[in-house]
Ligand SMILES: Cc1ncc(COP(=O)(O)O)c(C=O)c1O
């Protein structure tokens, strides 16, 4: 608890006792949690892992009643930026908003001849989470789809190279399920062809490539804090960048498109609030209400940020747990390699896996849907690799796009790939059970 400057001693004491009560409540709840019963307790692929700290910080934010960006937002943005290793982190209301903002920022006229324009091509993948691609379409650009590898599930670098034309202006791809794309290869292509790189790091917070955390490689990177992600605040996301101009542009698009960059509750940070000349406005028009972009409101709240601060404190422990869970599943399922393709980490990387992806081998005696139905019947949650081929979905049948190659692996993923959980709420007892059920199914 941080002493609040405007609170009397007695209010501070009461604040302290509220927090103590909250901690007691959560401790009791934890002691009353039912024990794991194999075959009865649902083994979720993701989920919220928290303790009394999340509740206490959230309660503090409620008691502060500042609600919009305040001390917790500042702490969270600093903490996330430091963790990823970048200068600027901006809290937003979701990972999808983060993607939309990242791409929108690159359309700003301030970027002059490097600005993205409608009709420009952006290279991406179709075996994706939809809103990585939606951001491209929402900005009037053309997604160009390349195929992905089976096992690693990331864009094939040689196809990215093949996809580049005069119209290509950016590459926007996610580190699939926490496994990073070929960072050296993609960055080299981008450097040679002067392309923007937007790194969707929503599923990969904590992953490293060449010893450096993902999220710090692209010009801009995005994060999601929806439950099942590496940390959660319910709904939430962030855009991070090392470039101060891009940070300012993201902030403008996030905050209604305004030119003013004062924090909530501040006035006149620019020093020229009533003396600037903007667009065709009368001279000295209040800078607070000057709009340099056609923007959105995609800000997060102080309560989300407070929960995020508590989750950041746990992130290293979460990452270690994900790694252990992943290793246990890999070891336990290795003997079934004849019928299951197990995940393969990208060279030079240590993924913080979002989940454990599996592709049913060609010629296996069963289908993806048969094994997932069996696992689900046995209380083991499964998910498909997001959209499979996004272009097959009703909302994407008619979108403008270009395709490189026949997307054979992407189509295969649509039919044969699924994932199970490695989330930090799971431990060796649950995963032993998961492995035993795979054995039961596969040895039949
Ligand atoms: C790779 C990827 N990008 C973007 C998103 C969107 O994040 P959100 O659900 O916070 O909008 C997700 C969501 O799971 C995702 O997995």
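Derivation of every value follows stated rules applied to the coordinates shown; laboratory data play no part. Just so it is clear, the model here is predicted, and its values are computed rather than measured. When we count neighbours, we look across all protein chains shown, and the Cβ atoms used for this are built from the backbone with ideal geometry, even at glycine.
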Sorting check: for 8-14, 293-299, which peptide has the highest mean count of neighbouring beta carbons within 10 Å, and how do the rest follow?
293-299, 8-14
Would you mind telling me which residue in 93, 21, 325 has the biggest mean-square fluctuation in a Gaussian network model of the chain, where springs connect alpha carbons within a distance under 10 angstrom?
21
Going from the fewest other Cβ atoms within 10 Å to the most, one would list 262, 202 as 262, 202
How long is the gain from residue 272 to residue 87 if the chain were fully straight, where each residue apart is worth 0.36 nm and the alpha carbon distance is subtracted?
64.1 nm
List the equivalent ellipsoid semi-axes of region 315-442 in whole Å, largest first, each obtained as the square root of 5λ for an eigenvalue λ of the Cα gyration tensor.
27, 19, 14
Hypothetical label at residue 27: residues of region 58-96 whose amide nitrogen lies under 19 Å (7 Å Cα-Cβ projection):
58-60
Nearest 5 is fine: what % of DSSP beta bridges in region 22-181 come out antiparallel, could you say?
10 percent
What's the ranking of 414-422, 168-176, 329-337, 234-242 by average number of surrounding C-beta atoms within 10 Å, highest first?
168-176, 234-242, 414-422, 329-337
Label-point separation, residue 256 to residue 158 (7 Å along Cα→Cβ), nm:
5.3 nm
Taking the Cα centroid of region 313-385 and of region 89-168, what is the distance between the two, rounded to the nearest whole Å?
27 Å
The orientation-averaged projected area of the Cα convex hull of region 71-304, in nm², is 12.7 nm²
One would report the antiparallel percent of DSSP beta bridges in region 87-181, rounded to the nearest 5, as 10 percent
Expected output is a single nm value to one decimal: the length gained when fully extending between residue 78 and residue 439, i.e. 0.36 nm times separation in residues minus the C-alpha distance. What is it?
125.4 nm
Hey, rough spin-label estimate for residue 167 and residue 51, points 7 angstrom out along Cα→Cβ, what's it come to in nanometres?
5.4 nm
Taking R0 as 22 Å and r as the Cβ-Cβ distance between residue 193 and residue 408, the FRET efficiency 1/(1 + (r/R0)^6), rounded to the nearest 0.05, comes to 0.30
Distance cut-off 11 Å, percentage of C-alpha pairs in region 161-205 lying past it
66 percent
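Using a 10 Å cut-off around each Cβ, can you sort 258, 439 from fewest to most neighbouring Cβ atoms? Could the numbers behind the result be given before it?
Values: 258 19, 439 14.
Least to most surrounded, the residues fall as 439, 258.
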How large are Rg and Dmax for the chain when only the alpha carbon atoms are used, in Å?
23.4, 79
Rounded to whole Å and sorted largest first, list the principal axis extents of the Cα atoms in region 116-218.
35, 28, 25
Per DSSP H run of at least 4 residues, take -39500 (n - 2.57); add these up for the chain, divide by its residues and hand me the 222 nm value, nearest 500 deg cm²/dmol.
-12000 deg cm²/dmol
What's the FRET efficiency of residue 316 with residue 114 using the Cβ-Cβ distance as r and R₀ = 45 Å, to the nearest 0.05?
0.75
If the elastic network links every pair of Cα atoms under 10 Å, which of 201, 378, 179 fluctuates the most in the Gaussian network model of the chain?
378
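For 338, 51, what's the fewest-to-most ordering of other Cβ within 10 Å of each Cβ?
Values: 338 9, 51 14.
Least to most surrounded, the residues fall as 338, 51.
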Give me the tail of P(r) for region 367-444 as a percent: Cα-Cα pairs with distance above 15 Å.
65 percent
Over the Cα atoms of region 1-154, how large are the radius of gyration and the largest Cα-Cα distance (Dmax), in Å?
22.5, 63
Of 22, 123, 220, the most mobile residue in a GNM of the chain (C-alpha springs, cutoff 10 Å) is 22
Dividing the Cα radius of gyration by the Kirkwood radius, what Rg/Rh value follows for region 6-96?
1.07
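To check you understand DSSP bridge types, tell me what percent of the beta bridges within the chain (both residues inside) are antiparallel, rounded to 5.
Details: 27 of 46 bridges.
Of all bridge pairs located within the chain, approximately 60 percent are antiparallel.
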So residue 11 and residue 138, fully extended at 0.36 nm per residue minus their Cα-Cα distance, gain in nm 40.9 nm
